[in-house]
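The values are calculated or read from the model by the stated rules, or taken from the named source; none is laboratory data. From a predicted model like this one, the values you see are computed outputs, not experimental measurements. Because the Cβ atoms are built from the backbone with ideal geometry, glycine has one as well, and the counts that use them run over all protein chains shown. Remember, those area values only see protein heavy atoms, side chains included, never the ligands or the DNA or RNA. Shrake-Rupley method; radii C 1.70, N 1.55, O 1.52, S 1.80 Å.
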Amino acid sequence: LLNKLLHSVKIALSKDKKLHLALREMFDLYPSNISLYKVAITHKSVLNTHHPVIHNERLEFLGDAVLDLVVADFLYEEYQNKSEGFLTKMRAKIVSRSTLNQLSIDIGIPSLLVLHTNPNHQVKHIYGDALEALIGAIYLDKGYVYTKKLLVKFIRNHIDFSRLEHTE
């Protein structure tokens, strides 16, 4: 309780208040290192030779791997009587670009993105990439155990498994 109160004061005084509040709303997350999350929402289109900017591609790479592992672990435990083929197909559906893009839109990631490009030209991946980058930031900020708990809760709240089982 004291931790949450201190964090609320920190948010109120922060220049990154919008990002802090969004992370709390999206993931019930209180970041320790907000700079990781700022990188996660920064698209490479912001690159400029006069003002080099670190963008989210490396965090996206890491987040993709963490998400794959967490989803595989979750499915392995959740569907103990299912075959490897079933588990592979379910994992592919959950981590698919279209699923990640839709989840990103549903939770409000597009409003946080820092980019200098028209997102409509990149809709096939830009929002899902940002979600993966945020997962990478969470992993670096909080560690694997925390990230796994957060993602399992997120997956349970946002994925309709009975519908997903019957989609091709």
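Values as computed for the structure displayed
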{"item": "Evaluation of PRO110 against (1) assigned to a helix (DSSP H, G or I); (2) modelled with pLDDT under 95; (3) open to solvent by 50 Å² or more (accessible area, probe 1.4 Å); (4) of a type outside the set (Ser, Thr, Tyr) (one fails), failing number", "result": "(3)"}
{"item": "Residue that is modelled with the lowest pLDDT, among those in the range 13-66 that are part of a helix (DSSP H, G or I), touching a His at 6+ places or on another chain (Cβ under 7 Å) and closer than 20 Å to ARG97 by Cα", "result": "SER45"}
{"item": "Residue tally, condition in contact with a Lys or Arg (Cβ under 7 Å, 6 or more places away or on another chain) and open to solvent by 30 Å² or more (accessible area, probe 1.4 Å), over the range 74-98", "result": "1"}
{"item": "Condition check for ILE54: open to solvent by 90 Å² or more (accessible area, probe 1.4 Å), touching a Ser or Thr at 6+ places or on another chain (Cβ under 8 Å) and either closer than 21 Å to LEU19 by Cβ or polar (S, T, N, Q) (or both)", "result": "yes"}
{"item": "Qualifying residue in the range 128-140 (condition: out of contact with any His (no Cβ under 6 Å at 6 or more places or on another chain) and either polar (S, T, N, Q) or free of Cβ contacts under 8 Å to residues at least 40 places away in the same chain (or both))", "result": "yes"}
